[in-house]
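I have placed the structure first, in the form of structure tokens, so that the comments after it can refer back to it.
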Amino acid sequence: MIQMNRLMLRYPTGKTALSGMTMNIEKGRFAYLTGESGAGKSSLLRCLYGGVRPSSGQLTVQGVDVRSAGQSQIRKLRRDIGIIFQDHRLLFSRTVFENVALPLRVQGWKPDRLVARAEKVLEFVGLKDRLWSFPEALSGGEQQRVAIARAMSTKPSLILADEPTGNLDIGTARHVMDYLMELNRQGSTVIMATHDLHLLDTHPGDIFRLHAGALAEELHFVQGKVRAQEEESYVPEI
Amino acid sequence: MFRKSDNGLQERTMPRLPGGFSLPPFGLHQWLALVIVCIALWAVGLLWLGLQAGSSWTQGWRQDIRFHIYLEQADAPRLQALADKLAKVPGVAGVRIVPIEETRTWLDTWLGGSAGVARELLAALPGTIEVTPGLHGGEFLYADLADTAKAFGASINQGEAHLVQAQRVIARVESLLWFGTLIIGLAMIIIISNTLRMTLLARADEVQLMRLLGAGEWFVRMPFLLEGGLLGAGAGMFAWLLLWPPLIAVGDWLQQLNADVSGFALFLPLLLGGALVGWLGALLATTRMASENTSAA
């Protein structure tokens, strides 16, 4: 599903966010990106949905070469990706329904099917009764659940979550993780950047630990136990 | 508008459009743009109404303007000689000696069937020659006709000449008005464009989110194009409504001048013109939205 080889990302400011990242994420996995602040987790996620183009190396997401893809290919790729942000990025001037239906409208769904689909995904996150509410009337946890509903509304094969539990208390965070795990069980590949390592105990998955823009450690979850894989740290050429 | 939520708090509610969508936020910037564009369209509408009144008053709609030349105590050979001379004046398309029977019929009709009075008047009436100016009748046609008539001791109907002059002035005013309308239209486009640019800034998160979801350029631009068009059409509608108070106020005066002015004729031009400038303003505002939705690192 995702292959990257010696991926480098340098911002116009000169800051190097990723320096020689090499990893593969198979279809249907639940992958955690961990590491200290500035390790490159969010930058890597941005690369995955085409928010930034890598400076060098190779990155293929769902068969699309992100470095050389045209704008239309990037748009097509994004339509098959659900993105969940730490600050959820809900539109506060729009109702919950409009927020959840936005990806469906982008994909050209007929208006008469939108309400039914929005109700269905909101039912999944337990917010069916808040369809016509505005996000401001919801708690932080509820807002994040709406963001999950929005990300899953188009049944994407890949879900990218950038610290979705960062602003939530432990109980709410576990509920959010339950929803993401359930989406993974239903077939979506989930890649989640997180600092909340305690969640890994109750919601296990593959772990990719990043450090200073490179992959420092890779642990694959296999039937209830974690299998460590040796990783040669790539030292970028200077 | 608010409603009570399940947890007892007041929740904001908005009127919903078909399909469950709410109206886009309509803030101070939009109101200001609406008022400014409305006033501009109203001013343009008033000027065009004024032109309509002037044109109606001078019978500018008539294509068959003719000059009449009168020769007192005219005998047939002199009248014919004058007609021949007039036919040679540059810019004259046709010359006709008005037959006495035609004058009698007209006089009868005008006097309401008083045949005796008509007969007396007819005897005192001068011989009449009708001159039809050509399509390219020059500015000096009237003066040339007057000079030719004077040589025969005849006179020319001055009222008709003044009417033609007034029509020429109105035609020039119309050209200027088209130019002014174009300039005002451009100004309105810029005003709406700036307003929508502010709206774009205020809704940058929405635009960014749509792009992250894979929306195409026109999907992102369409709400703003619709908003611009509706804003312009709304301003046009209000401007049209505001035309009626002054129109009613000068109604008696227009009636006295026999000027036929219709406010309804400006409804579609103002509505569609407003929508067009609004749409063009939105197009201008959204053209500057960077079409690139990824950045090269």
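Hey, what did the range B:73-153 get for relative contact order, percent, Cα under 8 Å, at least 6 apart? So the answer I get is 45 percent. Considering only GluC sites (Glu not before Pro) in DSSP loops that have at most 10 other Cβ atoms within 10 Å, the longest stretch of chain A without any of them is A:1-229. Between 0 and 90 degrees, the angle of helix A:140-152 with respect to the longest Cα principal axis of chain A falls at about 80 degrees. Averaged over peptide A:91-99, the number of partner chain Cβ atoms lying within 10 Å of each residue's Cβ comes to 5. Averaged per residue, the protein assembly as shown has 51 square angstrom of accessible surface, using a 1.4 angstrom probe with ligands and nucleic acids left out.
Pop out the ³J(HN,Hα) list for the range A:26-38 in order, Karplus 6.51 cos²θ - 1.76 cosθ + 1.60 with θ = phi - 60°, rounded to Hz; leave Gly and Pro as x. Here the 3J(HN,Hα) series is 7, 5, x, 8, 10, 10, 9, 9, 10, x, 5, 4, x Hz.
For the range B:73-153, the calculated P(r) over all alpha carbon pairs, in 5 Å bins from 0 to the bin holding the longest distance, is 3, 14, 22, 18, 15, 14, 9, 4, 0 percent. Taking label points 7 Å from Cα along the Cα-to-Cβ direction, B:W178 and B:M198 give a separation of 3.5 nm. Beyond 26 Å in Cα-Cα separation lie the following of the pairs A:K128/A:K155; A:K41/A:K128; A:K41/A:K110; A:K27/A:K155; A:K15/A:K76; A:K27/A:K110: A:K41/A:K128; A:K41/A:K110; A:K15/A:K76; A:K27/A:K110. Here's how it looks for A:L215: its modeled amide H is under 5 Å from those of A:T22, A:Y234, which are all 5 or more places away or on a different chain.
With all protein chains present, how much of the accessible area of the protein assembly as shown (probe radius 1.4 Å) comes from carbon and sulfur, to the nearest whole percent? Solvent-exposed carbon and sulfur of the protein assembly as shown make up 59 percent of the total.
Over the residues of the protein assembly as shown, the helix contribution to mean residue ellipticity at 222 nm works out to -16500 deg cm²/dmol, using -39500 (n - 2.57) for each DSSP H run of at least 4. Restricting the calculation to Cα atoms, the range A:41-130 shows an Rg/Rh of 1.04 when the hydrodynamic-style radius is the Kirkwood one.
Could you list log10 I(q)/I(0) for chain A at q = 0.09 Å⁻¹, which the Debye formula gives when each Cα is one point scatterer? With no solvent term, the Cα-only Debye profile gives -0.38. Helix A:170-185 axis versus longest C-alpha principal axis of chain A: approximately 80°, rounded to the nearest ten.
Expressed in Å, the radius of gyration and Dmax of the Cα atoms of the protein assembly as shown are 39.3, 129. In chain A, the longest principal axis of the Cα atoms and the axis of helix A:111-124 are about 70 degrees apart. Counting heavy atoms of the protein chains alone, A:D129 has an accessible area of about 100 Å² for a 1.4 Å probe. Computed on chain A, with alpha-carbon pairs under 8 angstrom and 6+ residues apart, the relative contact order is 27 percent.
Largest first, the residues A:H195, A:H203 sort by 1.4 Å accessible area into A:H195, A:H203. Both chains summed, the buried accessible area for B and A stands near 3200 Å², from protein heavy atoms and a 1.4 Å probe.
Note on chain A: GNM, Cα springs under 10 Å; of A:S188, A:S157, A:S37, the largest mean-square fluctuation is that of A:S37. Within the range A:35-59, the residues that become at least 30 Å² less accessible when every protein chain is included than when their own chain is isolated (1.4 Å probe; DNA, RNA and ligands ignored) are A:R53. Close amide-amide hydrogen proximity is noted between A:T95 and B:S22, each under 5 Å apart and 5 or more residues distant or on a separate chain (H modeled in the peptide plane; Pro and chain starts excluded).
Measuring nothing but how far apart in sequence close Cα pairs (under 8 Å, 6+ apart) lie, relative to its length, the range B:159-297 scores a relative contact order of 39 percent. Start at zero, step by 10 Å, and the Cα-Cα distances of the range B:114-208 spread as 12, 21, 17, 14, 11, 9, 8, 5, 3 percent across the bins.
Averaging the Cα positions of each part gives two centres, and for the range B:195-236 and the range A:170-192 these lie 34 Å apart. A:K110 contributes about 140 Å² of solvent-accessible surface, heavy atoms of the protein only, 1.4 Å probe.
In this label model, B:I36 and A:K76 are separated by 4.3 nm, measuring between points 7 Å along each Cα→Cβ vector.
The values are calculated or read from the model by the stated rules, or taken from the named source; none is laboratory data. Keep in mind that this is a model prediction, so the values were computed, not measured. Cβ: placed from backbone, ideal geometry, glycine included. Neighbour counts: every protein chain shown. For accessibility, only protein heavy atoms count, side chains too; no ligands or nucleic acids. Shrake-Rupley method; radii C 1.70, N 1.55, O 1.52, S 1.80 Å.
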